[in-house]
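Here, each number is a calculation from the coordinates, and none is a lab measurement. Treat the numbers as computed from the prediction; the structure is a model and nothing was measured. Cβ atoms come from the backbone with ideal geometry, glycine included; neighbour counts cover every protein chain shown.
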Amino acid sequence: MLGAFPAERDGREGTGVRIAKETEEDWWEVEALFDLAFAPGREALSSYRLRDGVPPVADLCLTARDDMGILAGAIRYWPVRVGTAPVLLLGPIAVHPTRQGEGVGALLIENSLARAQGWDRAMLVGDAPYYGRFGFDRLVGVTMPPPTNPARVLGRALKPGAWDGVSGDVLRWHDGG
Ligand SMILES: CC(C)(COP(=O)(O)OP(=O)(O)OC[C@H]1O[C@@H](n2cnc3c(N)ncnc32)[C@H](O)[C@@H]1OP(=O)(O)O)[C@@H](O)C(=O)NCCC(=O)NCCS
């Protein structure tokens, strides 16, 4: 299926990275990148409670490596539910501090969402000014476990109207419908 994702073949012009599915061997290197990119204690964030004991959506967890194989960025997704509706929770995503601002984050987000066949809607907790450019918008009536700033709870329909009528608490995959 390489041909289905032009970015996987060439990387986005200028980024010089290759996108690949995260493997078991990548796990700790990706964890180290997240530790570097985020403030200490990232796993205490409420979004991590939604991930506890739930496997990530492996097909959408991607790495971006340069031509020397050095990890430039990574993205993971977990399944969650809002009420009974299945939702993709985007994140964590991080780009190595030496590679930020080159489009690697955009490449990871766009490439992973393009693979999200079978999912109707995605959400995340993050900065609207960044994620707005990928079609993410404030989700009204969707509540993350506290403490989460509601202005940072953002969603994007992957199919038209997929967020219509979907509201309530965000739940762990196994706790919902
Ligand atoms: C956020 C992050 C993944 C973006 O990846 P990136 O490869 O640097 O981003 P891109 O190159 O695709 O985009 C860069 C653009 O986004 C903007 N941007 C980056 N982070 C932003 C933020 N938090 N809020 C608003 N704009 C942001 C940059 O200013 C730049 O703007 P420009 O295109 O107008 O110059 C990366 O900066 C990172 O890993 N940050 C630390 C970890 C983190 O905060 N993760 C996200 C948690 S919500």
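Observations, loosely collected:
- Length-normalised contact order of the chain in % [C-alpha pairs under 8 Å, at least 6 apart]: 22 percent
- Using alpha-carbon coordinates, inclination of helix 27-37 to the longest axis of the chain, degrees: 80 degrees
- Gaussian network model of the chain, springs between alpha carbon atoms under 10 Å - residue of V87, V17, V142 with greatest fluctuation: V142
- Taking each DSSP H run with n ≥ 4 as -39500 (n - 2.57) and averaging over every residue of the chain yields -5000 deg cm²/dmol at 222 nm.
- Amide hydrogen neighbours beyond the local backbone of G73, cut-off 5 Å, H modeled: A64, H96
- Gaussian network model of the chain, springs between alpha carbon atoms under 10 Å - residue of R51, R76, R133 with greatest fluctuation: R133
- Additional length obtainable on full extension of the chain from D35 to A58, 0.36 nm per residue less Cα span: 6.3 nm
- Spin-label model, H174 to K159: label points 7 Å out along the Cα-to-beta-carbon direction sit 2.7 nm apart.
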